[in-house]
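These notes are about the structure you will find just below.
Only the coordinates and a few stated rules stand behind these numbers; no lab work does. On a predicted model such as this, the values are computed, not experimentally measured, just so you know. Cβ: placed from backbone, ideal geometry, glycine included. Neighbour counts: every protein chain shown.
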Amino acid sequence: MERKFNFNPGPATLPLEVLVELQKNVVDFNSIGMSVLEISHRSKGFQELLNTTKLLLRELMVISEDYEILFLGGGASLQFAMIPMNIGGKADYIITGAWSKKALKEAKIIGNPVVIATTEEEKFRRIPKPEEIKFSRDATYVHLTSNNTIFGTQWSTFPETSPIPLVADMSSDILSRKVAVGKFGLIYAGAQKNLGPAGVTVVIIRKDLAERCPETVPTMLRYKTHMEENSLYNTPPVFAIYVVKLVLEWVKRKGGVEGIEKINRKKGGLLYQAIDESSGFYRSTVDADSRSLMNVTFRLPDEDLEQRFIQEATALGLHGLKGHRSVGGVRASIYNAFPMEGVERLVGFMKEFAKANR
Ligand code: PMP
């Protein structure tokens, strides 16, 4: 098989090593004569797998025992509702893109959230500056999206909100760089970009926050339920959890989060350099201090050229470069598993395309 370079924003490219390992081991789990997909989620073998996966994430992200790690269904989108249901409806929201807006929409159904900063008027081309954010004194939590998958912006430093818990949607940049987990009350991420396949959402929650949940919240929607049952209250997404374990082992082999971050900085650096050195042929759609290392978005001089750029790139094996339909242009999603070689190939193509079409 000739493997394409897959710039899709999610589900996204997985490490080839992980896919091969999966193919080899999925039929016979730990030489027991059954697949991991066939055994009980309450079996010793699966529980060991779950606990190993948790330990790996705890080690890689340096998560203290004050936090519980949960593996839930429903995507990151279910978290938009579970967070206000469990932690309280009068929260502060920082709006930096389409996903923050979706989170806010759910919070409005549950309670009375307040928008404390937004860059929507500037088409979300940047992250708000600290002096633009006016926190409420009585907020139940502060919510932000650490990386904006569609607009290509990313928080470089997080605001200090203590004692109010900071809640972050890290769906598109979890495990891509060092983060001080202790700054957060809750971190959540759909797995399908940096952690594994779609189907499981990782929630890292400070244990005391689960105690806030009102009695009116149904059992399945309570963090406390999943904490008490070690994510086994009901049948968890066993396959997805298995793949997450393999991905975490791969991250460890790459030198952990520190090693991965170094590679991510190099990959993002190469692409932004190609944009900056194109004498205006490629235009970044975001401010320099808000640039994402995960989703690199840019425009060409006109839409016809953008279409041709994407077509020609696809023909060369560079797939998934079309910008989100609400934004247009080009978006190169270069998550942890996206290889350096693919970035180098894209940069080479960008140079040739600019030369031929200037
Ligand atoms: N938040 C962010 C930042 C995302 O990029 C996405 C999906 N692309 C979501 C939330 C929604 O995730 P899910 O499809 O798992 O509900």
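Which order do Arg331, Arg137, Arg345, Arg3 fall in if you start with the one that has the fewest other Cβ atoms within 10 Å? All intermediate terms of the calculation are to be shown ahead of the outcome.
On the way: Arg331 25, Arg137 5, Arg345 16, Arg3 11.
So the ranking, lowest neighbour count to highest, is Arg137, Arg3, Arg345, Arg331.
For Lys262, go through the lysines and keep the ones whose alpha-carbon is under 17 Å away, minus same-chain ones fewer than eight residues off.
Straight-distance partners of Lys262: Lys178, Lys252, Lys254.
The chain: Rg/Rh from Cα coordinates, Kirkwood Rh?
Numbers: Rg = 20.8 Å, Rh = 21.2 Å.
Dividing the radius of gyration by the Kirkwood radius yields 0.98.
Express in whole angstrom the spacing between the alpha-carbon centres of the stretch 1-73 and the stretch 230-294.
Cα centroid of the stretch 1-73 versus Cα centroid of the stretch 230-294: 18 Å apart.
Greater than 26 Å separation of Cα atoms is the criterion. Which listed pairs, Lys108/Lys245; Lys193/Lys267; Lys193/Lys322, meet it?
Numbers: Lys108/Lys245 35 Å; Lys193/Lys267 16 Å; Lys193/Lys322 17 Å.
Lys108/Lys245, as the Cα separations exceed 26 Å there.
Restricting to the chain, what percent of DSSP beta bridges are antiparallel, rounded to 5?
DSSP beta bridges in the chain are roughly 60 percent antiparallel.
Amide H to amide H, which residues 5 or more places from Leu166 or on other chains are under 5 Å from it, using H placed in the peptide plane?
Val142, Gly185, Leu186
Counting other C-beta atoms within 10 Å, which of Lys24, Lys266, Lys54 has the fewest, and how do the rest follow?
Values: Lys24 9, Lys266 12, Lys54 22.
So the ranking, lowest neighbour count to highest, is Lys24, Lys266, Lys54.
Please list 3J(HN,Hα) in residue order for the stretch 191-198, calculated via the Karplus relation 6.51 cos²θ - 1.76 cosθ + 1.60 where θ = phi - 60°; whole Hz, with x for glycine and proline.
6, 6, 10, 10, 10, x, x, 5
Rounded to the nearest 0.05, what FRET efficiency is calculated for Asn51 and Leu305 with R0 set to 56 Å and r the Cβ-Cβ distance? Could the numbers behind the result be given before it?
Values: r = 52 Å, r/R0 = 0.93.
Calculated value: 0.60.
Which FRET efficiency, nearest 0.05, do Leu19 and Lys129 yield, Cβ-Cβ r, R0 45 Å? Before the final figure, lay out the partial values.
Numbers: r = 42 Å, r/R0 = 0.93.
My answer for the efficiency is 0.60.
Quick one: putting +1 on the C-beta of Lys and Arg, -1 on the C-beta of Asp and Glu, what dipole do you get for the stretch 1-97 around its Cα centre, in Debye to the nearest 20? Show your work: numbers first, answer last.
Numbers: 8 positive and 11 negative charges, 43 e Å.
Around 200 debye, computed over the stretch 1-97.
Can you list residues from other chains, or at least 5 along the same chain, whose modelled amide H is less than 5 Å from the amide H of Val115?
Tyr93
Across the stretch 291-299, in residue order, what do the Karplus-derived ³J(HN,Hα) couplings come to in whole Hz, using 6.51 cos²θ - 1.76 cosθ + 1.60 with θ = phi - 60° and x for Gly and Pro?
Along the stretch 291-299, the couplings run 5, 8, 8, 9, 10, 9, 10, 7, 10 Hz.
For the peptides 207-220, 69-82, what is the packing order when you average, over each peptide's residues, the other Cβ atoms within 10 Å and list the highest mean first?
Details: 207-220: 12.6, 69-82: 20.5.
Result, highest mean first: 69-82, 207-220.
Suppose every K and R has +1 on its Cβ and every D and E has -1 on its Cβ; what is the size of the dipole of the stretch 134-191 about the Cα centre, in Debye to the nearest 20? Before the final figure, lay out each step's value.
Working: 5 positive and 4 negative charges, 27 e Å.
Approximately 120 debye in magnitude.
Sort Ser162, Ser35, Ser172 by Cβ crowding within 10 Å, fewest neighbours at the top. Can you show the working numbers first?
On the way: Ser162 10, Ser35 15, Ser172 28.
Ordered from fewest to most neighbouring Cβ atoms within 10 Å, Ser162, Ser35, Ser172 come out as Ser162, Ser35, Ser172.
If the reach is capped at under 13 angstrom between alpha carbons, list the aspartates and glutamates near Lys355, excluding any in the same chain fewer than eight residues apart.
Filter leaves Glu277.
About its Cα centre, what dipole magnitude does the chain give when the only charges are +1 on Lys and Arg Cβ and -1 on Asp and Glu Cβ, stated in debye to the nearest 20?
Working: 46 positive and 41 negative charges, 68 e Å.
The calculation lands at about 320 debye.
Projected onto the charge dipole of the chain (+1 at Lys/Arg Cβ, -1 at Asp/Glu Cβ, origin at the Cα centre), which of Phe184, Pro159, Pro15 gives the Cα projection farthest towards the positive end?
Toward the positive end, the furthest listed residue is Pro15.
Less than 21 Å apart at the alpha-carbon level, and either on another chain or at least 8 residues along: which lysines does that give for Lys105?
Lys90, Lys123, Lys134
Pull out the extension gain between Glu228 and Arg283, defined as 0.36 nm times the separation in residues minus the alpha carbon to alpha carbon distance; nm, one decimal.
On the way: separation 55, 0.36 × 55 = 19.80 nm, distance 4.99 nm.
Full extension of this stretch gives 14.8 nm more.
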